[in-house]
Amino acid sequence: MSFEVSIQHRVGERAINLAFVSEERLTALVGPSGVGKTTVLNCIAGLARPQRGRIAVAGEALFDTGLGLDLAPERRGAGYVFQDARLFPHLRVDANLRYGERLAPSGRRWIGHADVVEFLGIGHLLGRWPATLSGGETRRVAIGRALLSAPRFLLLDEPFASLDAERAEALMTLVERIRDELAIPILLVSHDRGEVDRLAGRVVTLR
Amino acid sequence: MPDEWSVVALSLRVSLLAVALTLPLAYALAWLLARRRFPGAILLDALVHLPLVVPPVVTGWLLLVLFGRTGPIGAWLEAQFGIVLVFRWTGAALAAAVMALPLMVRAMRLSIEAVDRRLVEAARTLGARPWRAFATITLPLSLPGIAAGAMLGFARSLGEFGATITFASNIAGETRTLPLAIYSGLQLPGAEAQVARLSVISIVLSIGALVISELLVRRAGGRRAHVL
């Protein structure tokens with residue numbers, strides 16, 4: 001079982017009701033913009049708290065109102081690649097990459113710093129400040145930072161948006177490799193039908 | 001000249017102690033007011049700003065009531081630790097600290113509010129507990145505000161007059177800081193030159209503190225925006 005989500009969440013006028021179970025390695029969450037896809041990711045990562053429901057990933061319960069369970073974000077093991085990347089502006093690229101790496105329990109690490117740097121082709125960026133990176137570079141560093149925190153699962157929020165075709169293709173190949181070689185559950189939020197059809201084993205629609 | 005220098009040395013000592021005392025408290029208050037919603041927040045905000053709006057003499061009188069040798073805090077401090085503040089340079093530092101607090105809290109609060117909460121959230125998902133996320137994200141990113149607040153507080157402390165003369169009195173060599181020495185000089189015939197010298201020193205020190213604070217803020221802000 002990779003993702004098991006059943007939540008009721010209300011933010012102001014907007015209500016989110018979503019329930020799905022996915023056994024697939026890569027699950028896509030689609031739906032019109034403004035419907036609350038990012039909010040669902042925030043609920044899974046522990047950054048937003050649904051009024052009611054249960055969230056389990058890879059067989060481990062993270063949130064369950066019935067049981068009074070609500071793990072803190074730092075204990076959920078989410079590798080969250082935010083749509084706006086959120087690199088730390090006061091740390092150089094290398095320090096950004098090492099931020100989560102240093103905090104990860106050593107027994108849970110499944111990929112090394114050198115491997116991630118090579119995998120993402122970001123070796124030449126390590127000494128740079130985040131403000132000096134292009135959109136594609138920023139995205140790759142954000143993915144690297146998430147991978148190095150030894151996540152138990154990945155949450156990717158529109159990772160290919162606003163990239164040129166070549167960069168998007170390279171990143172998609174990368175996500176395919178993560179999906180096939182690293183075998184950790186991935187939840188992908190996307191607008192693009194083509195991306196979803198290509199990558200996802202299961203598509204969940206949020207209305 | 002030696003007279004002037006001892007006044008300057010005393011003023012610097014008083015202001016440095018005042019800022020050192022206030023810095024952690026001001027930052028904690030700024031963080032609370034910027035990041036937490038709690039009952040009494042408005043009241044706390046008003047209390048912090050009180051010295052800014054109340055006449056300094058009244059603040060000095062309140063300090064006298066609270067920290068005087070018979071006041072509740074003053075009596076306790078003397079009984080427990082043998083600390084007496086009234087008519088001492090440490091009392092002048094306390095008066096300066098209370099007067100500097102609102103300015104320091106304001107500067108720091110603005111810089112904490114300017115730190116994007118979403119960066120703190122990102123740190124949490126990467127495995128940082130709240131305290132670590134604070135120490136590695138919020139604190140360093142609000143550093144320019146801390147520096148600016150400290151310098152502003154320092155400049156304010158250098159200029160403190162009303163609360164100081166009320167609470168700590170005007171004792172040469174003990175509590176006679178720059179503004180008090182200037183005031184005393186004005187009472188004496190023939191001290192015009194001394195008053196002028198002290199005033200120039202005051203202006204130079206205050207402008208220096210402001211320029212340093214401005215430079216610190218620019219440097220911290222510029223480092224990230226520039227290439228390499």
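Taking the helices alone, chain A has a mean residue ellipticity at 222 nm of -9000 deg cm²/dmol, built from -39,500 (n - 2.57) per DSSP H run of at least 4 residues and averaged over all its residues. Note on region B:1-132: Cα-only Rg and Dmax are 18.6, 61 Å. Put simply, the amide H of A:Asp70, placed in the peptide plane, has neighbours under 5 Å in A:Asp64, leaving out anything fewer than 5 places away on its chain. The tail of the calculated P(r) for chain B beyond 28 Å holds 39 percent of all Cα-Cα pairs. Once the Cβ-Cβ distance between B:Ile83 and B:Ile171 is put in as r, and R0 is 22 Å, what FRET efficiency do you end up with, to the nearest 0.05? The computed FRET efficiency comes out at 0.80. Subtracting the Cα-Cα distance of B:Asp3 and B:Leu44 from their residue separation scaled by 0.36 nm leaves 10.6 nm.
Between the amide H of A:Arg52 and those of A:Gln8, distances stay under 5 Å, these residues lying 5 or more places away or on another chain, with hydrogens modeled in the peptide plane. Distances between every pair of Cα atoms in chain A, grouped in 10 Å steps from 0 to the bin holding the largest one, split as 8, 36, 37, 17, 2 percent.
Each helix, a run of at least 4 DSSP H residues, gives -39500 (n - 2.57); summed and divided by the residues of chain B, these come to -25000 deg cm²/dmol at 222 nm. Of B:Ile73, A:Ile143, B:Ile42, the sequence from fewest to most neighbouring Cβ atoms within 10 angstrom is B:Ile42, B:Ile73, A:Ile143. A prolate overall shape is assigned to the protein assembly as shown, the ratio a/c of its alpha-carbon gyration tensor axes (a ≥ b ≥ c) being 1.5 or greater and a/b exceeding b/c. Footprinting exposure proxy ranking of A:Leu87, B:Leu216, fewest other C-beta atoms within 10 angstrom first, gives B:Leu216, A:Leu87. Each of B:Leu186, A:Leu71 was scored by other Cβ atoms within 10 Å of its Cβ. Arranged with the fewest first, they read B:Leu186, A:Leu71. Taking amide H atoms as placed 1.01 Å from N in the peptide plane, the amide H of A:Val30 lies under 5 Å from those of A:Val204, A:Thr205, A:Leu206, each 5 or more residues away in sequence or on another chain. Placing a pseudo-label 7 Å from each Cα along the Cα-to-Cβ vector at B:Ala193 and B:Arg36 gives an inter-label distance of 5.7 nm.
Looking at region B:93-132, none of the trypsin sites (Lys or Arg not before Pro) sits in a DSSP loop with at most 13 other Cβ atoms within 10 Å of its own Cβ.
Here, each number is a calculation from the coordinates, and none is a lab measurement. Owing to the predicted nature of the structure, the values given are computational and were not obtained by experimental measurement. Cβ: placed from backbone, ideal geometry, glycine included. Neighbour counts: every protein chain shown.
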